[in-house]
Structures are given as C-alpha cells and as structure tokens.
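Enquirer: Right, I'll just put the structure down here and ask away after.
The values are calculated or read from the model by the stated rules, or taken from the named source; none is laboratory data. The shown structure was predicted, so the numbers you read here are calculated from the model rather than taken from an experiment. Cβ: placed from backbone, ideal geometry, glycine included. Neighbour counts: every protein chain shown. Just the protein is used for accessible areas: all its heavy atoms, side chains included, with ligands, DNA and RNA removed. Shrake-Rupley method; radii C 1.70, N 1.55, O 1.52, S 1.80 Å.
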Amino acid sequence: MVLVVVFGVALLVAVLLSGLAARTVLSTSFLFLVGGALVSDGFLGLIHITPESEIVSATADLALFAVLFTDGMHVSLAKLRANWKNPARALGLGMPLAFVFMALITHFLVGLDWTTSFLVGAVLAPTDPVFASAIVGRTEVPAKLRQLLNVESGINDGLALPVVLVLIAAAGPTADSADASGTTIAAELLLGLAFGIALPLLVSGLAHFRLLGAEPKLQPLLPLATGVILYAVCHLTHANPYLAAFSAGAALAHVSQEAKESFEPLGEALAELAKFAALLVFGALLTPQLFGDLSFGGYVAVILAIVLIRPASLLLSLIGTSLTRKEKLVAAWFGPKGFASVVYGLLVLQAGIPQGEEAFTLIAVCIAFSIIAHSSTDVPIARLFHVDDLAGVPGGARAPRTAKEADHVGT
C-alpha cells in the first residue's frame, strides 16, 4: 500500500507540474525516476524492490504492451505503404549497426565476454518514442519524421526479442532459456502477429452484427477489452505480446476509425498511467549501489551509446533519403532506451548467466541516462519545427488535440 501512496503522490506532483514541464526542459518522466529512487532502499527505504521482484517485470511488461498498443493506432497503413523506405532503412541497417557498435564498446570498455556484449547490444538496440512525445505527438513536425520514429520503435522491440533470447541461451542456458530455439522464437513472433491481426478483425466483425454493437458511452471499452484479451492470450500461449500489441493497434485503427477515435483519449491515459508506474518501479532500482557498481569504462560506454552510436548508426542508414538534414539529425538523436530495454534487461538478469549482473547494471544506467537526456530535450528540439504551443497550457494558441499531445508527461 505504501507503493500505491507513493505513486499517487508522484502522479499528483507530475500533473501539477506538467504545464511547466511542457514549456521547459523539466521532465515528468525524470520526476518519476527520482521519486522511485528517493523512496527505495537506497534513500528513504519506504519501499523494498529488487530487480528480482515480480512487480518490476510485471509493470514494465504491461507498460510496454499498453504503449505499443496505443502507438500502433497512430500508424496509417496507407501512409506506411507509401512511405516504408525510411523505417525499413532504420530497421534494416541502422538497428544492426547500433547493435554491433554497442557490442564492440561493451566488450572493449566494460570487459564483458563477446556473447554477453552482443546481448547488451541487442537489449539496448530498441528505441522508444514515449520519451520524445513533443516530437512524435505533434502534427507540426513533418509526418515523415514522426512516422519514422513511431514505426521504427514499434517494430524494433519485436525484432530485438528473438536475438535477445538466442543470446541469453548462448551465454549460459538455464532451464527457462534452453528451450529458446530459433523455431520456438519464430513461432512466438508469428503467433503474436497472428493474434494481433486476427483478434481486432474478429471484434470488429462481431460489432457489426445486427443484434450487437456498443452504445456511444461504452464504445471506448471495445478496444480496451480487445487489448486485455490479447495481453492475456499472448501470455497464456507464449506468443510475443509486443508484436501482437503493435499489430493489434494498427489493425484496429485500420478496420474501425470510429473505434480508434473513441478509444484514443482513454488509451492514451491508460498508457500514461502504466508508463508512470513502470518508471516509478524502475526508479526504485536506481540505488547508489547500482551506479557505484558500474566501472568508469561502463560510464564511457553509456555516454557513447547515447551521443554517438545511435546518432551515427541512423545517420548512416538514412544517407540518400528525402529527409532534410534537420530531420535526419533529430531522428538520429531521438533513440531513447525505454520499456523494451527494461523488460529485456530483466530477462538477462533473471536468466542467471555468468555476467548477467554486470550486463544489467550497464543496461539500467544506460536506460536512466537516456530517459533523462531525451525526455529533457524533446521540447527545445520541437521548437525547431515551430511547435510553439506545446501543451495547450494557458497562453497557448490552441488546445491539445489528444491526450498524448496534451502532455509532456511522456517526456
């Protein structure tokens, strides 16, 4: 119950400061990280959470699912078909480059063995648009840039997962990870994709039966019920829930624009709440001991991961595209590490591999630094695209269009 009280207080503070955060470099994501750290064993000792605590993996997993489900709804399949080249370059070239470069610096600067170093690279390869909402949530920002960041982050989670599982098995098979064969992993991905497409189609078909259909005030609950069922089914069948979530959001938006529009405010709010809870719990893991356990070489690797590896990898992949120089630079900078990396990092820790604790420490510090760096720079960078009314706060020219747009809380 203490955790609930802490979450409520943190949420109240975040909401009260959200208007200020939307106009400045103040980040409410950072507030939740700091709040979690302050009440943990490392400081006040009000809550006792370790990386092995079930609440850690549960909240990160749920937050990632909710964020991907709502993000999928923002993907226009028609526009994606017409503008698939940039996301394909980012995923097909930029992501592998970042993966390899991160593995190299992890091995040479941190001293982890090659398999564990490549595992760290795979865990930190996925990106998360949640911490750049002033960019991806604004119509004033060029559509090609927003689409690139959203689609890349929505798909790269699923692409990284099989690599993470295979490398965990290679680094030191346990009873859980030994079964992670290529066939099993492929089946889980395909099953997640199948569920993500089939369930929204089934629900949409049921809603169009003459005797069925939701009344207007309950319409937002139809996508919510779809998401809840999908989440449970994926975990019961071991289907990939993250690929399922993103594909379900995209499929639902494609088959029912009405369902998308009615669910959007509720979906964004629920995703924000799940994200806040995950940030608070993750913040509780950021103890002084964890930061003290990381070597000097580890901190150099973290800085290089944020300011060099992601930017250089994506810029190389976007050579020859129609994006402007400013758009390329912005896309290259916004590669924050988010909930996928948290979840995959916990898998590494819980697998019991020889250098698992060292790898998790590096991953956790990199995620924390990334959240701080990217969530505190999206507002200033958004202003480069003349996004002046960033939150619909008093004095702004217009009210926000969506819950996601209304809040720099995602940043």
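Enquirer: Over the Cα atoms of the range 212-295, what Rg and Dmax result, in angstrom?
Expert: Looking at the range 212-295, its Cα Rg and Dmax stand at 17.4, 61 Å.
Enquirer: Next up: Could you work out how far apart the two model spin labels at Arg383 and Ala88 are, taking each label as a point 7 Å from the Cα in the direction of the beta carbon, and quote it in nm?
Expert: The answer from the label model is 3.9 nm.
Enquirer: Order the following by accessible area, largest value first: Val343, Val9. Probe radius 1.4 Å; ligands, DNA and RNA are ignored.
Expert: Sorted descending by solvent-accessible area, the residues read Val9, Val343.
Enquirer: What accessible area per residue comes out for the range 189-317, rounded to a whole number of Å², with a 1.4 Å probe?
Expert: 46
Enquirer: Right, next: Suppose each label sits 7 Å from its Cα in the direction of the beta carbon; what would the Ile319-Leu273 distance come out to in nanometres?
Expert: 4.8
Enquirer: I would also like to ask the following. So what are the ³J(HN,Hα) numbers for the range 88-93, from phi and the Karplus equation (6.51, -1.76, 1.60; θ = phi - 60°), rounded to whole Hz, Gly and Pro as x?
Expert: Each residue's phi maps through the Karplus curve to give 5, 5, 4, 7, x, 10 Hz.
Enquirer: Here's another thing I want to ask about it. From the backbone phi of the range 105-117, what are the Karplus-calculated ³J(HN,Hα) couplings (6.51 cos²θ - 1.76 cosθ + 1.60, θ = phi - 60°) in whole Hz, Gly and Pro given as x?
Expert: With the stated coefficients, the range 105-117 comes to 6, 5, 5, 7, 9, 9, x, 6, 5, 4, 5, 5, 5 Hz.
Enquirer: Got a number for carbon plus sulfur as a percent of the range 171-315's accessible area, 1.4 Å probe?
Expert: Carbon and sulfur atoms account for 71 percent of the accessible area of the range 171-315.
Enquirer: Moving on to the next point. In nanometres, what is the gap between the two model label sites at Ala207 and Thr184, each 7 Å from Cα along Cα-to-Cβ?
Expert: 3.7
Enquirer: So which of Lys85/Lys328; Lys275/Lys328; Lys144/Lys326; Lys217/Lys275; Lys260/Lys337 end up more than 24 Å apart, counting from Cα to Cα?
Expert: Over 24 Å apart, Cα to Cα: Lys275/Lys328; Lys217/Lys275; Lys260/Lys337.
Enquirer: First select every other residue whose beta carbon is under 13 angstrom from the beta carbon of Lys326; then total the charges, Lys and Arg +1, Asp and Glu -1.
Expert: Counting the neighbours of Lys326, the net charge comes to +3.
Enquirer: Could you report the accessible area of Tyr299 in Å², rounded to 10, computed with a 1.4 Å probe on the protein chains as they sit in the structure?
Expert: Accessible area of Tyr299: about 60 Å².
Enquirer: If we count every other residue with Cβ under 15 angstrom of Gly111's Cβ, Lys/Arg +1 and Asp/Glu -1, where does the sum land?
Expert: Value of the local net charge: -4.
Enquirer: Just the number please: accessible area per residue for the range 1-75, 1.4 Å probe, all protein chains included, in Å².
Expert: On a per-residue basis, the range 1-75 sits at 46 Å².
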